[in-house]
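Encoded as structure tokens, the structure appears first; notes follow it.
The values are calculated or read from the model by the stated rules, or taken from the named source; none is laboratory data. No experiment lies behind these values; they were computed from the predicted model shown. With ideal geometry, Cβ positions are generated from the backbone for all residues, glycine too; neighbour counts draw on all protein chains shown.
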Amino acid sequence: MRAWELRTPGPVAAPDRLHAVQRPDPEPGAGELLVEVLACAVCRTDLQIVEGDLEPHLLPLVPGHQVVGRVSAVGDGVPAARLGELVGLAWIAGTCGECRFCRSRRENLCAQARFTGWDRDGGYATHVTARADFAHPLPAGCDPLDAAPLLCGGVIGYRALRVAGVTAGMRVGLYGFGASATLALQVARHWGCEVYVASRSPAEQDRARASGAVWAGGYDQPPPVPLDAAVTFAPVGSVVVRALEALERGGVVAVNAIHLDEIPAFPYRTLWWERQLRSVANVTRDDVHEFLDLVPQVPVRTRYEVLPLAEASTALVRLEAGDVSGAFVLDCTLPPPLPPPPSPR
């Protein structure tokens, strides 16, 4: 199999931050599947892992946790009927199944939870193994390139709306307008919400309005009305305070970030009147299933640029620079580039 391997975290633009390697195809263990990867979307969390903002759990590591592929082998205890099945792998890769969080359908809080592309190898490769009970069946006619960005950006955005308590008819703020917020906006509008978007990018503000936001402005511009709920997608602490300041009484801000810089001090009156600040920690399998069931009803449309697996490093460098509209999706079916011809003597 072909794969990209992280050996030492650091600046993504450094030469050979990711190493192109050839490995033997992995073999599925008991209760596992071998998945032939068709597509893998690139997430900002991948960037944070590669650069070391998130402490590495496994080195060397193959990043990538928005994986779509086809089951090519099964381990002991997995029905042979799953061979050939189209599946998606999301951020959550396994839990203990026994703790009080798992038993109460809050497996995202399990202390033994393991994550794709962090605790076990992910989808920047042509093959990957996964626990069979964490491999989500996808419709047979599903386009892998369309589906890949849904498996983290879409699912975590959906969970963030739920954590923020969003219900029909609310005024909802989205702070940051990358791939996840683009998908969350579509869900919120499907629920009949008014959506207000804050972004530092004028181009993203324009895109938000074109996507149905009733207002879009900068982080330093208060929305024209108080917000019933807000989700922050930017990994910037000051943006969280801006969202709190925009809330109506009793409103909730959900912080959709696995890594965040320091939140600056703010006066208690900003939180007064039973406003709430909540974090969004990972996702559950229920989140994945509920969101994927919702996708055709909305319908959710993904916005992405396709790059070959060979350009995984390029995708991360461009993501860090903000040179992306929507998301990047790696097409893992394309053959590697041919070597350059020898120089003439």
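Listed by first and then second residue, the pairs linking a residue in the stretch 223-240 that is in contact (Cβ under 8 Å) with a residue 12 or more places away in the chain and farther than 11 Å from V252 by Cβ to a residue that is among the basic types (K, R) and outside any strand (DSSP E or B), with Cβ atoms under 6 Å apart and 6 or more places separating them unless they lie on different chains, form an empty list. Note on the stretch 213-311: enclosed strands (runs of 3 or more DSSP E) holding 3 or more residues that are within 30 Å of A3 (Cβ to Cβ) are 304-308.
Kindly indicate whether L161 is within 12 Å of A188 (Cβ to Cβ), touching a helix residue (DSSP H, G or I) at 6+ places or on another chain (Cβ under 8 Å) and in contact (Cβ under 8 Å) with a residue 60 or more places away in the chain. Yes: the conditions hold for L161.
Every residue, every condition in (1) assigned to a loop (DSSP other than H, G, I, E, B); (2) among the hydrophobic types (A, V, I, L, M, F, W, C); (3) not assigned by TED's automatic domain parsing to the domain that holds C142, yes or no:
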| position | (1), (2), (3) |
| --- | --- |
| G10 | yes, no, no |
| L34 | no, yes, no |
| A41 | no, yes, no |
| L58 | yes, yes, no |
| G69 | no, no, no |
| A73 | no, yes, no |
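Yes or no, residue by residue, for (1) within 21 Å of S180 (Cα to Cα); (2) part of a loop (DSSP other than H, G, I, E, B):
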{"site": "F115", "(1), (2)": "yes, no"}
{"site": "A130", "(1), (2)": "no, no"}
{"site": "C142", "(1), (2)": "yes, yes"}
{"site": "L145", "(1), (2)": "yes, no"}
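Restricting T116, T126 to residues that are among the β-branched types (V, I, T), surrounded by fewer than 24 Cβ atoms within 10 Å (Cβ to Cβ) and touching a residue at least 40 places away in the same chain (Cβ under 8 Å) narrows the list to T126. If you go through the stretch 292-303 and keep only what is surrounded by fewer than 21 Cβ atoms within 10 Å (Cβ to Cβ) and of a type outside the set (A, V, I, L, M, F, W, C), you end up with D293, P296, Q297, P299, R301, R303. Could you tell me whether the stretch 9-18 includes any residue that is touching a residue at least 60 places away in the same chain (Cβ under 8 Å) and loosely packed, with under 15 Cβ neighbours inside 10 Å? Checked the stretch 9-18: at least one residue is touching a residue at least 60 places away in the same chain (Cβ under 8 Å) and loosely packed, with under 15 Cβ neighbours inside 10 Å.
Would you please name the residue that is farthest from A168 (Cα to Cα), looking only at residues in the stretch 200-212 that are in a loop (DSSP other than H, G, I, E, B) and free of Cβ contacts under 8 Å to residues at least 40 places away in the same chain? Looking at residues that are in a loop (DSSP other than H, G, I, E, B) and free of Cβ contacts under 8 Å to residues at least 40 places away in the same chain, I get R200.
Conditions (1) touching a Gly at 6+ places or on another chain (Cβ under 8 Å); (2) surrounded by 14 or more Cβ atoms within 10 Å (Cβ to Cβ); (3) assigned by TED's automatic domain parsing to the domain that holds A14, marked per residue:
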| position | (1), (2), (3) |
| --- | --- |
| V255 | no, yes, no |
| R275 | yes, yes, no |
| E290 | no, yes, no |
| A310 | no, yes, yes |
| S313 | no, yes, yes |
| E320 | no, yes, yes |
| S325 | no, yes, yes |
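Screening R162 against (1) in a loop (DSSP other than H, G, I, E, B); (2) closer than 20 Å to A113 by Cβ leaves a single unmet condition, (1). Taken over the stretch 237-253, residues that are more than 20 Å from D220 (Cβ to Cβ) and touching a Gly at 6+ places or on another chain (Cβ under 8 Å) amount to 1. If you go through the stretch 228-254 and keep only what is under 22 Å from A179 (Cα atoms) and of a type outside the set (A, V, I, L, M), you end up with T232, F233, P235, G237, S238, R242. Here is a check on your reading of the model: is L174 buried (at least 16 other Cβ atoms within 10 Å of the Cβ), part of a strand (DSSP E or B) and modelled with pLDDT of 95 or more? Against the criterion (buried (at least 16 other Cβ atoms within 10 Å of the Cβ), part of a strand (DSSP E or B) and modelled with pLDDT of 95 or more), L174 qualifies. Of the listed requirements (1) surrounded by 20 or more Cβ atoms within 10 Å (Cβ to Cβ); (2) of a type outside the set (V, I, T); (3) closer than 23 Å to P335 by Cα, R23 misses just one: (1).
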